[in-house]
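The values are calculated or read from the model by the stated rules, or taken from the named source; none is laboratory data. Since this is a predicted model, take the numbers as computed values, not measurements. Every residue, glycine among them, receives a Cβ derived from its backbone with ideal geometry; neighbour counts consider all protein chains shown.
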Amino acid sequence: DGDFVGEDMDAETDAGEKKEQAQEAQQAQQQPSQPGSMNAPYKQRPIIILPNGLVIYETVCVTCSVHNVTVRGIYKPSMNGYIQLSSKGCITEMIWPKGEEDPGLFLQSSVSFMSVQERLDRQVKTIL
């Protein structure tokens with residue numbers, strides 16, 4: 001009889017463990033909190049909610065790369081000249097947010113070549 005009771009208790013313990021495992025699996029499959037809920041854990045809080053219903057969690061990273069940029073300012077016609085800024089390899093990157101507790105953003109930029117030139121009449125002078 002003692003062996004039979006022990007086996008019955010083992011079956012009850014196994015059934016209890018299986019029930020706990022099933023509950024844990026169900027909780028893991030539950031949908032995250034509603035977008036915008038500030039009571040949700042950090043990883044479930046939306047960073048951006050787009051109009052088409054797309055929700056972006058965690059971080060947003062935007063990178064812009066421009067091969068060649070030229071800006072020219074023309075002097076008045078009587079001076080017959082201009083000043084020109086030329087740059088090559090311009091890259092700008094933004095990462096938002098910085099982290100879980102910091103709402104700020106990272107903004108970094110780089111330029112591989114930059115030149116400033118001035119032209120008056122037929123003479124071109126490099127300033128930078």
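Considering only the stretch 94-116, state which residues are more than 24 Å from S65 (Cβ to Cβ) and surrounded by 13 or more Cβ atoms within 10 Å (Cβ to Cβ).
none
Would you confirm, using the coordinates I've provided, whether S78 is polar (S, T, N, Q), free of Cβ contacts under 8 Å to residues at least 24 places away in the same chain and part of a loop (DSSP other than H, G, I, E, B)?
yes
Give me the residue from the stretch 112-128 that is assigned to a loop (DSSP other than H, G, I, E, B) and closer than 30 Å to K76 by Cα and, out of that set, modelled with the highest pLDDT.
Once the filter is applied, the top-ranked residue is I127.
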